[in-house]
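Presented below is the structure to which this report refers.
The values are calculated or read from the model by the stated rules, or taken from the named source; none is laboratory data. Given the structure is predicted, the values throughout are model-derived calculations rather than measurements. Here Cβ is always computed from backbone atoms with ideal geometry, including for glycine, and neighbour counts include all displayed protein chains. SASA here: full protein model, heavy atoms, side chains in, ligands and nucleic acids out. Shrake-Rupley method; radii C 1.70, N 1.55, O 1.52, S 1.80 Å.
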Amino acid sequence: MTQPPNQPPPGGFGAPQDPPPGQPPIPPQPGYGYPQSPQPPQTPPPAAGNPYAQPTQPGPYAGRPQQPGPYAGQPQQPGPYGQPQQSGPYGQPTQPGPYGQPQYGHPQQYSQQPPTQPQFPAGPGAPGGGGGDGKRKRLFVIAAAAVAALLVAGGVTLAVVGGDDEGGKKKSEAKDKDPKPSVSAPVNPGTGDGDGNEGKEDLNEGRRPGEAKVLWYKEAPKVPGSGGDAPGMWVQGDTVVKAAYKELYAYDVKTGDTAWKPIKFPQKICAATPTATDDGKIVVAFKEGTKSTAKCNQLQVIDLKTGGKGWGKPVKQHGAFDFSMQSHLVLVGDVLMVGRDQSGTALRMSDGKQLFVAGKKDEGTCFPNGFAGGDGKFLMALSCGASTPTEHDELQELDPKTGKVQWTKKFPKGWRVGKIYGTSPTIVYLRNEDKKKWNISVLKEKSEATRSEVSSDDNFAPQCGTSVLDNALGGCLGVANDDKYLYLPTDDKGANSIVAISLATGKEAWRTKSPLDETMLPMKVEDGSLIAYVEPSYDSGGRVVSIATSGSHEPKTLLQHPNGTSQIESGFYSKDIDYVDGRFYISTTSIIGTSGQAKLMLAYGK
């Protein structure tokens, strides 16, 4: 998945994640099942003060000496599943999970906040973790980016493109003072519906040999103080499509010109399918009204090739407590799953016909916590027996056409299904809030049986949850897998790497270090190579690299992004990324209301 999952929204199924340093905490949001607790202070607390970064005791299912967890770098004790305890993959120390794996941490998540909100310090999906020189450098970078963002918001820029004589004068003065390329966004480079050329020349000014070009850059549409979602980013042939607030924009991948007329929705967009059907169709969900309590239940099919609309309909509520203030959409083949708080409705993509309703079982004692899908299967997490001695979580595979349960895996009390890292095979991240443990289990195909459990001392840093309200099971940025390995990024004391973990054994097979001190996020595996994104630093642009999955694992640079736009690039704290046909796209997944202009999308190429 380009997954896995950088913005400060609360986590999906459990404790919310820490907000990026220097940013105000984000209030808990409704999700699939569990209310979220208030977030801790934003400044990254010392490890000793983090309840999830403390050494923990041996878990109920183990007895091995504790080891540093993949997310905290703290010494840990054996987890409940028999392995040495480790920091949670989301920034918290972990112990071996009840399945022989390190203790649960929290997957990192992204905050959809403006540039003044850095990534989470250590949540499951947040870039956080070990601290050290690399972390101090990250804080410095964040502070610099925040200052630049505030200057833009206040109308102060370092470069102006086009405009009247005054604008030209400012640009000339900026050149005289510093011949280097601009480090802040140009004034009015677009509102999402421009031709893509706004600011193009300026952003490429001073580009060094070997650096990629800024193909185009777009700013987000103006939104009210309550902000708006910007879910999804789909590349379809020569067109890339992006949702933002109440509109869907389509751009030419090379020029940024408008590919088809923007589609305007009557209310806020609140969800979208992360993938498209084989024939290029997606589903966008929008609110039924303007009130804060309005349900996210209006569906519309869109053809990415033409911008044409297919069927549109509201999805029905099933039961008095089946709230749907935030829905999650998953596509598997020709079937759309609309996940809500207490059920999921499966619709046929061709005509919108309801196929089945998933979720409730055992006379209402089990309710869905979320859905994930891919590789021909639907996965549904369930919370069962709440507030009873038999309280536990389950994971089920559903037949996409009929909803028939293929298998059910029950987990011991206290262990909650957090995220799905992969669907072929099924890779599930679990956590135990009480024991401060995490577990990553690889399941056998077509079975609930455990194939292996991850054992590692690393501080893993996938970024999970790209929207403040997104509690989907999937959607982690920085997680990928093939038929041999699970690839996870580390973020520990400047020694950032990608670790390849054997799916057969759960142990490390090999690793490769990031070319910078910044996090290197796996995106996908293509033609025997892992494609990864190296995040920018204060003095270097990001880059896209290729890592051979066999033989030498040294990262080879495919695109080196220009230094002159490193601060703009690092300002996408809540982001989606993709690399297609030699071009890299980065876009925000949430727009916060601001007096300035927020970033929407940036494209690089050769």
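Ignoring any ligand, DNA or RNA, what whole percent of the accessible area of region 487-606 comes from carbon and sulfur when the probe is 1.4 angstrom?
44
Which order do the peptides 369-376, 580-587, 401-408 come out in when sorted by mean C-beta neighbours inside 10 angstrom, highest first? Walk me through the numbers before you get to the answer.
Details: 369-376: 22.6, 580-587: 18.6, 401-408: 13.8.
Top to bottom by mean Cβ count within 10 Å: 369-376, 580-587, 401-408.
If you plug each phi of region 475-491 into the Karplus form 6.51 cos²θ - 1.76 cosθ + 1.60 with θ = phi - 60°, what whole-Hz ³J(HN,Hα) values come out, in order, with x for Gly and Pro?
Per residue, the Karplus-derived 3J(HN,Hα) values read x, 7, 8, x, 10, 8, 7, 10, 7, 10, 10, 9, 10, 10, x, 10, 8 Hz.
How high is the relative contact order of region 494-606, given as a whole-number percent (alpha carbon pairs under 8 Å, six or more residues apart)? Write down the numbers at each step before the final one.
Values: 222 pairs, mean separation 17.2, N = 113.
Computed value for region 494-606: 15 percent relative contact order.
First measure r as the distance between the Cβ atoms of Ser350 and Ser447, then evaluate 1/(1 + (r/R0)^6) with R0 = 41 Å and state the FRET efficiency to the nearest 0.05. Provide the component values of the computation, followed by the final result.
Working: r = 31 Å, r/R0 = 0.76.
Plugging the Cβ-Cβ distance into 1/(1 + (r/R0)^6) gives 0.85.
How large is the accessible surface of Leu355 in square angstrom, using a 1.4 angstrom probe and rounding to the nearest 10?
60
Among the listed pairs Lys242/Lys446; Lys409/Lys575; Lys222/Lys313; Lys242/Lys435; Lys446/Lys575; Lys409/Lys507, which have their C-alpha atoms separated by more than 30 angstrom in this model?
On the way: Lys242/Lys446 35 Å; Lys409/Lys575 32 Å; Lys222/Lys313 27 Å; Lys242/Lys435 41 Å; Lys446/Lys575 33 Å; Lys409/Lys507 23 Å.
Checking Cα-Cα distances, Lys242/Lys446; Lys409/Lys575; Lys242/Lys435; Lys446/Lys575 exceed 30 Å.
Before anything else, pin down the relative contact order of region 355-418: Cα pairs under 8 Å, at least 6 apart, normalised by residue count, whole percent.
The value is 25 percent.
In whole percent, how big is the carbon plus sulfur part of the accessible area of region 359-447, probe 1.4 Å, protein atoms only?
Ligands and nucleic acids excluded, carbon and sulfur give 48 percent.
I'd like to check one number: the per residue accessible area of region 342-428, probe 1.4 Å, reported in Å² as a whole number.
37
Taking the highest mean first, how do the peptides 266-279, 546-559 order by number of other beta carbon atoms within 10 angstrom per residue?
The peptides rank, most packed first, as 266-279, 546-559.
Quick one: which of Lys213/Lys261; Lys213/Lys599; Lys268/Lys309; Lys377/Lys437; Lys281/Lys484 span more than 22 angstrom between C-alpha atoms?
Pairs exceeding the cut-off: Lys213/Lys261; Lys377/Lys437; Lys281/Lys484.
Among 240-253, 379-392, 296-309, how do they line up by average Cβ neighbours within 10 Å per residue, starting with the highest?
Answer by packing, highest mean first, reads 240-253, 296-309, 379-392.
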